[in-house]
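Here is the structure we will look at, set down as structure tokens.
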Amino acid sequence: MLIDLISTDNMISFNIKIAEVLGLNTAIYLNELMNIAMKAVRKKKLVADKFFIVDRAYVKSRTTISLEEQLAIDKKMVQMNIIQKANG
């Protein structure tokens, strides 16, 4: 439907400085992770009071970033100490 195409609910923002330093997809992906983190806190869905489970299909639907690229971005951000994964 046209309303879905132009709805602000289907828009996403990102940090320009992060995009300049780490790339556009990383900035968009990180923004979505922060949104998910806030929802996990509000809904009390944190694991070990620190982590949240990433639904990769949901992230792809929100960002168009593939599973493979999500995992590559995760790896880069873990190495840079931007994010931490529960399993290491």
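The values are calculated or read from the model by the stated rules, or taken from the named source; none is laboratory data. In this text, all values refer to a predicted model and were calculated from it rather than measured experimentally. Positions of Cβ are generated from backbone atoms using ideal geometry, with glycine treated the same way; all protein chains shown enter the neighbour counts. Please note that ligands, DNA and RNA were not included when accessible areas were found on the heavy atoms of the full protein model with its side chains. Shrake-Rupley method; radii C 1.70, N 1.55, O 1.52, S 1.80 Å.
Results, tabulated for the structure shown:
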| item | result |
| --- | --- |
| Size of charge dipole - the chain - debye, nearest 20, with Cβ of Lys, Arg +1 and Asp, Glu -1, no other charges | 420 debye |
| Most positive-pole-ward Cα, MET11, ALA27, MET38, against dipole of the range 1-50 from beta carbon charges | MET38 |
| Residue-level accessible surface for VAL54, protein heavy atoms, 1.4 Å, Å² | 40 Å² |
| Computed [θ] at 222 nm, helices only, for the chain once each DSSP H run of length n ≥ 4 contributes -39500 (n - 2.57) | -17500 deg cm²/dmol |
| Approximate spin-label separation SER61-ILE16, in nm, with each point projected 7 Å along Cα-to-Cβ | 3.2 nm |
| Convex hull projection area averaged over all views, the chain, Cα basis, nm² | 6.7 nm² |
| Scaled radius of gyration (Cα, divided by 2.2 N^0.38 Å) that the range 15-65 gives | 1.22 |
| Selected from ILE16, ILE65, ILE36 as most flexible by GNM, with the chain as the system and alpha-carbon contacts under 10 Å | ILE16 |
